[in-house]
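J.: First, the structure itself, so that you have it in front of you.
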Amino acid sequence: MKKTVKVITVILKVVLIVFLVVTLNRIFMPKYINENRDGRISAEYYPFSNYTDVIFAGSSTVYSDISPAVLWEKEGISSYVRANASQPVWISYYMIEDAIRCHKPELVCLDMTFAKYDDDFVEEPSTRKSVDGMRMSPSKIKCALASMGEDEKLMEYIIPLFRFHTRWKELTWDDIRYAWYFGAVTQNGFIDDKNIKAAEDADLVYSEDERRLSPKNVLYIEKTIKLCQDNGIGIMLMKTPAHSSNWTDSLDEDIRAIADRYGIKYINFDMYNDDIGLDYSTDTPDEGSHLNTSGAIKFSGYLAHELKKDYEITDRRNDPGYVRRWEKILNR
Amino acid sequence: MSFISMDFALYVTLALVLYYIMPAAHRWIILLVASYVFYGYNDPADLGYIIITTVSAYICAYFIEKLTVGQKEYIKKRSEELSKEEKKAYKLAVKKKQKLILAAGLVLNFGILAYLKYANLPIAYINYYRIKWFGSTQMIPFIRVLLPLGISFYTFQTMGYLIDIYYGRYEREKNLFRFALYVSYFPQIIQGPISRFGQLAPQLFSEKKFDFYRIKSGFYRIMWGLFKKLVIADRLAGFVSSVMSQKEQYTGAYILLAVFFYSMQIYGDFSGGIDVALGVSEMFGIELAENFMRPFFSKSISEYWQRWHITLGTWFKDYIYYPLSLNKSIMKLGRNFREKGHEHIGKRIPIYIPMFFVWLLTGMWHGSQSRFVVWGLCNFVFIVLGTELEGISAKTVNALRLSERGLVMRSYRAFKTFWLMSFLRLFDINATAGEAFRAFRYMFINFRGFDIEKVYENLSLQKEDFIVVLCAIVVLFAFELIQRAGSVRKRIFSLPVPLQWVVLSLLVTAVSVFGYYGPGYDASSFIYGAF
């Protein structure tokens, strides 16, 4: 009897400690409800994980340009966007590894836009948005280790309170209100933007720099391909459309070489603007860096058709479980 | 590895696990390895210094004891052949040899410490006077020396041991590795306390059972130390240095506030670090000596120094003050004065002369700059004045019909002592003695209005921080008031379990939320870690 009481007390103490730490973490972490909504994409994925046939991973162009709702409506493709602002390839890799841990999708589409940056690319706020939403797992730890800057510490990713405790001066009622909020603020990772700000030049011209893929980018692109192939998952490399000059033909060459080596597809969708029907005088909110809602609808429709054509992706529109899920998502 | 880093927390956890899974008789080996890894982690080169101190003290103690044993055997064998005078002469000869060995050990180790601490001091003076007197532009380059972490602390501790062995107070530790642990025991190596062999060594090597109470109690103490360090001390550091670095721009009220806050900062910093050291050690089942005993409740400067950095004070008392006051020349001088009718001076000489040297050395211990010598001597002067004016003070109190034990007098004396010590710390905050005097002067000749908004806007202390730090100081004061009646932790542990958890949750939350740490907050390293 005495032993049982002792065991119960210890269990209670552990539960209390965990509850205290988790509560403080949730109160102090930024909420990303009204702005920087991409900060919620990682966490919102898990309730939908078992219904994901296609995962799109990449940076802000992915969550701006690809609407899973359009893919569902057009071709019955059930997909999720695991993207964040400035998300480098190595974070995308761990996002995919994390996703596979829960459920194996049929196809992974890895965006290459941020492969243009060098190995030392670190942007703490973006890393935090990507990693903080991930559930605790070896993938999360490895993702943090691969992405941290020199001044960052792993423990700050395990217990985010150590990073965000300085917010005590700026806490608002919303931090309490949304501490335990699990509702979605994105549509399967898609963040719509209805603003319009036309691109200055009508024609897209790439930079003539001889920029090459850095070793870390090559490493993680190859790791992603191998991970998918080893798990029997289709993989496609792509560059989402953007009217931006900071891409180069040399990067395309490098990526294509990797894709050829592994026998997979690489599509730079910038080359298909006319087929997609994109008009950068109306389809962008920021002079071409991203697509707005109208651009995203056009591109997503085109993408749905291309994926259906090239990959065997199940049409789930006759599956009641999926239909119920999607009805909820479309009603948001 | 800083005491306030996550690395240290993980390191201690790992060391504790290994310590308690090791058979009890061999646990000290884990402590030794943990101590050397910890010490070498900062800079492996530092290990060289601690090894020199360890080995040299070990060898000196070996020869001192060998001579004592040899002497006993020699006299025992020839007890009937030797006359009383011959025995005495033999003992004197042995003592002389032992004294030489002791002196060699002291000179080597204090020599290393002095070289590392003061090597650049004469160069600085020579350069200064060459410029001042001869207008020379050629400077003698400074010697590049980096003071190994905690060298003052372990040198004092080890030399204390050697002196004790010389006086035959302890038997020497025969196992070199065990002795190495006594010198390097990691919780105390950075900033003390300075332990005595008789108090620490038996605990290091005794076989202890795992006791969850000790872990819990140690954890509470660590959290309390972190509260003092991270919530109070580090929060105030920016304000204090902002005011003192631009004191010309601020009126006396700001300087006075900075002086008050510096007292809180250094107390939070030093005693907080000691709490962490004692808490960690307690988890290993080893109780270190207390280094602080509510110093801000002291009613005189003498009492203050019995409550602040206690182990350094007792070290100086035992190894400098007492030997000097029993020194034949000093006693003779006192006797001479008494014989000439100067009874009072004759009595004071064996007290004040040793005390003068103690304060001179205490000042030098705190730093190589002349301001620390001035600081030490000011302490000496204040203590002498306090002692000499005791009679007048008692008469005044009587005339005012007050009681020394009454709340008014006790509060007044504590207030006076606090501010005297705070003013003396101006030598600590300012870069030179001249700067310290200037700051003191500004406090009174430039005492104009005080605008709290200016503090919030310009002085690294926002309104919210200001409120938090004032609340934390009140909590600290309340804690120490309660502590006067006995251990606060024992009181907490006697509460119902849910209440204990409320207290711990509040403490952990206060430290983790209001602590000055993490990106954007450069938690200052422990001030006394530099000694």
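FYI, it's all coordinate maths here, none of it is from the lab. Quantities reported herein were computed from a predicted structural model and do not represent experimental measurements. We place every Cβ from the backbone using ideal geometry, glycine too, and count neighbours over all the protein chains shown.
J.: Label A:LYS2 and B:PHE357 with points 7 Å out from Cα along Cα→Cβ: what is the distance between them in nm?
T.: That separation, rounded to one decimal, is 5.9 nm.
J.: Can you give me the long-range amide H partners of A:ASN292? Hydrogens built in the peptide plane at 1.01 Å from N, cutoff under 5 Å, separation of 5 or more residues or another chain.
T.: Amide H neighbours of A:ASN292, under 5 Å, 5+ apart: A:THR284.
J.: Could you work out, residue by residue across A:162-169, how many beta carbons of other chains sit within 10 Å of that residue's beta carbon, and then give the average as an integer? Show your work: numbers first, answer last.
T.: Working: counts 6, 3, 2, 10, 9, 1, 4, 6.
The per-residue average across the peptide is 5.
J.: Taking 0.36 nm per intervening residue step and subtracting the Cα-Cα distance, what contour gain separates A:TYR262 from A:ASN231 on full extension? Don't jump to the answer; show the numbers that get you there.
T.: On the way: separation 31, 0.36 × 31 = 11.16 nm, distance 1.46 nm.
Computed gain between A:TYR262 and A:ASN231 is 9.7 nm.
J.: To the nearest Å, what is the center-to-center distance of region B:287-336 and region B:99-123, using C-alpha atoms only?
T.: About 23 Å separates the Cα centre of region B:287-336 from the one of region B:99-123.
J.: Please arrange A:MET134, A:MET271 by counting, for each residue, the other beta carbons lying within 10 Å of its beta carbon, fewest first.
T.: Going from least to most buried by this count: A:MET271, A:MET134.
J.: Right, here's the next one. If you place +1 on the Cβ of every Lys and Arg and -1 on the Cβ of every Asp and Glu, how big does the dipole about the Cα centre of region B:297-421 come out, in debye to the nearest 20?
T.: Computed about the Cα centre, the dipole is about 200 debye.
J.: With unit charges on the beta carbon (Lys/Arg positive, Asp/Glu negative), name the residue among B:MET264, B:LEU100, B:PHE444 whose Cα is farthest towards the positive pole of the charge dipole of the protein assembly as shown.
T.: Checked the options; the winner is B:LEU100.
J.: Give me a comma-separated list of calculated 3J(HN,Hα) values for region A:158-163, in order, Karplus coefficients 6.51, -1.76, 1.60 applied at θ = phi - 60°, integers in Hz, x for any Gly or Pro.
T.: Each residue's phi maps through the Karplus curve to give 6, 10, x, 4, 4, 8 Hz.
J.: Hey, if you put +1 on the Cβ of every Lys and Arg and -1 on every Asp and Glu Cβ in the protein assembly as shown, which of A:LEU291, A:ALA115, B:PHE477 ends up farthest toward the positive end of that dipole?
T.: B:PHE477
J.: Near A:SER130, within a Cβ-to-Cβ distance under 15 Å, what is the net charge of the other residues, with Lys and Arg +1 and Asp and Glu -1? Working shown, then result.
T.: Working: positive: A:ARG37, A:ARG40, A:ARG82, A:ARG128, A:LYS129, A:ARG135, A:LYS140, A:LYS142, A:ARG163; negative: A:ASP38, A:GLU44, A:GLU97, A:ASP98, A:ASP111, A:GLU123, A:GLU124, A:ASP132, A:GLU152, A:GLU156.
Local net charge: -1.
J.: Using 0.36 nm per residue of separation minus the Cα-Cα distance, give me the extension gain between B:LEU495 and B:LYS96 in nm, one decimal.
T.: 137.7 nm
J.: What is the set of long-range amide H partners of A:LYS239 at a cut-off below 5 Å, with H atoms built 1.01 Å from backbone N?
T.: A:MET112, A:ILE267, A:ASN268, A:PHE269
J.: If you count, for every residue in B:511-518, the Cβ atoms of partner chains within 10 Å of its Cβ, what is the mean?
T.: Per residue, the average neighbour count from other chains is 5.
J.: Using the Cα atoms of chain B, I'd like the radius of gyration and the largest Cα-Cα distance, Dmax, both in angstrom.
T.: 25.7, 88
J.: Would you mind telling me the antiparallel percentage of the DSSP bridges in chain A, rounded to 5?
T.: Working: 1 of 20 bridges.
Given both bridge residues lie in chain A, the antiparallel proportion sits at roughly 5 percent.
J.: Of B:TYR250, B:TYR118, how do they rank once you tally other Cβ atoms within 10 Å and put the fewest first?
T.: On the way: B:TYR250 24, B:TYR118 15.
In order of increasing Cβ crowding within 10 Å: B:TYR118, B:TYR250.
J.: Compute the distance in nm between two label points, each set 7 Å from the Cα along the Cα-to-Cβ direction, one at B:TYR412 and one at B:ASP318.
T.: For B:TYR412 paired with B:ASP318, the spin-label model returns 3.8 nm.
J.: Using R₀ = 25 Å, calculate the FRET efficiency as 1/(1 + (r/R₀)^6) where r is the Cβ-Cβ separation of A:SER207 and A:LYS309; round to 0.05.
T.: Working: r = 31 Å, r/R0 = 1.25.
Efficiency, rounded to the nearest 0.05: 0.20.
J.: For region B:52-200, give the magnitude of the charge dipole about the Cα centre (Cβ charges: +1 Lys/Arg, -1 Asp/Glu; no others), in debye to the nearest 20. Kindly include the intermediate steps, with their values, before the conclusion.
T.: Numbers: 22 positive and 9 negative charges, 60 e Å.
That gives region B:52-200 a dipole magnitude of about 280 debye.
J.: Considering only B:MET139, B:GLY48, B:ALA15, whose Cα is most displaced toward the positive end of the charge dipole of region B:1-147, charges sitting on Cβ of Lys, Arg (+1) and Asp, Glu (-1)?
T.: B:MET139
J.: Quick one: order B:ARG335, B:ARG401, B:ARG371 by neighbouring beta-carbon count within 10 Å, fewest to most. The partial results should precede the final answer.
T.: Numbers: B:ARG335 13, B:ARG401 6, B:ARG371 23.
With the sparsest Cβ surroundings first, the list reads B:ARG401, B:ARG335, B:ARG371.
J.: Further, regarding this structure: Report, in degrees rounded to the nearest 10, the 0 to 90 angle that the Cα long axis of helix A:215-230 makes with the longest principal axis of chain A.
T.: The answer is roughly 80 degrees.
J.: Here is a follow-up. For region B:303-377, what class follows from the C-alpha gyration tensor (a ≥ b ≥ c being the square roots of its eigenvalues): rounded when a/c is under 1.5, otherwise prolate if a/b is larger than b/c, else oblate? Working shown, then result.
T.: Working: a/c = 2.42, a/b = 1.98, b/c = 1.22.
Here region B:303-377 falls in the prolate category.
J.: Now for a separate question. Compute the FRET efficiency between A:ILE141 and A:TYR181 as 1/(1 + (r/R0)^6), taking r as their Cβ-Cβ distance and R0 = 22 Å, and round to the nearest 0.05.
T.: Values: r = 25 Å, r/R0 = 1.15.
E(calc), rounded to 0.05, equals 0.30.
J.: Applying a 10 Å radius around every beta-carbon, put A:149-157, B:190-198, A:250-258 in order of their mean neighbour count, most first. Before the final figure, lay out the partial values.
T.: Numbers: A:149-157: 15.2, B:190-198: 22.9, A:250-258: 17.3.
Per-residue mean Cβ counts within 10 Å order the peptides as B:190-198, A:250-258, A:149-157.
J.: If each DSSP helix of 4+ residues adds -39,500 (n - 2.57) and the sum is divided by the residues in the protein assembly as shown, what number results at 222 nm, nearest 500 deg cm²/dmol?
T.: Working: 41 runs with 536 residues, N = 863.
Taken over the protein assembly as shown, the calculation gives -19500 deg cm²/dmol.
J.: A further question follows. If you add up the charges near A:SER294, with Lys and Arg at +1 and Asp and Glu at -1, over every other residue whose beta carbon is less than 11 angstrom from its beta carbon, what do you get? Could the numbers behind the result be given before it?
T.: Values: positive: A:LYS194, A:LYS298; negative: A:ASP192, A:ASP193, A:ASP279, A:ASP283.
Value of the local net charge: -2.
J.: May I pose another question? How far apart, in nanometres, would the label points at B:LYS87 and B:LEU385 be if each is projected 7 angstrom from Cα along the Cα-to-Cβ direction?
T.: 5.5 nm
J.: Okay, next question. Compute the FRET efficiency between B:ASN398 and B:LEU420 as 1/(1 + (r/R0)^6), taking r as their Cβ-Cβ distance and R0 = 22 Å, and round to the nearest 0.05.
T.: Values: r = 23 Å, r/R0 = 1.04.
E between B:ASN398 and B:LEU420, to the nearest 0.05, is 0.45.
J.: Considering only the other residues whose Cβ falls under 15 Å of the Cβ of A:SER147, what net charge follows from Lys and Arg at +1 and Asp and Glu at -1? Walk me through the numbers on the way to the answer.
T.: Working: positive: A:ARG82, A:ARG128, A:LYS129, A:LYS140, A:LYS142, A:LYS153, A:ARG163, A:LYS216, A:LYS223; negative: A:GLU97, A:ASP98, A:ASP118, A:ASP119, A:ASP120, A:GLU123, A:GLU124, A:ASP132, A:GLU150, A:ASP151, A:GLU152, A:GLU156.
Local net charge: -3.
J.: Within region A:174-217, list the residues whose amide N lies under 16 Å from a label point set 7 Å along Cα→Cβ of A:LYS328.
T.: Within reach of a label on A:LYS328: A:181-189.
J.: Calculate log10 I(q)/I(0) of the protein assembly as shown for q = 0.08 Å⁻¹, where I(q) comes from the Debye formula with a single equal point scatterer on each Cα and nothing for solvent.
T.: Here log10 of I(q) over I(0) equals -0.91.
J.: What list of ³J(HN,Hα) couplings, whole Hz, do you get for region B:38-52 from phi and the Karplus terms 6.51, -1.76, 1.60, once you set θ to phi - 60° and write x for glycine and proline?
T.: 3J(HN,Hα) across region B:38-52, in whole Hz: 4, 5, x, 4, 5, 7, x, 4, 4, 4, x, 5, 5, 5, 4.
J.: Then there's this: Residue by residue, what Karplus-based ³J(HN,Hα) values in Hz, rounded to whole numbers, does region B:150-155 have, using 6.51, -1.76 and 1.60 with θ = phi - 60° and x for Gly and Pro?
T.: x, 4, 4, 5, 6, 5
J.: What is the mean number of Cβ atoms from other protein chains located within 10 Å of the Cβ atom of each residue in peptide A:12-19, rounded to a whole number? Mind showing how you got there, number by number?
T.: Details: counts 3, 3, 0, 0, 4, 4, 0, 1.
Other-chain Cβ atoms within 10 Å of each residue's Cβ, averaged: 2.
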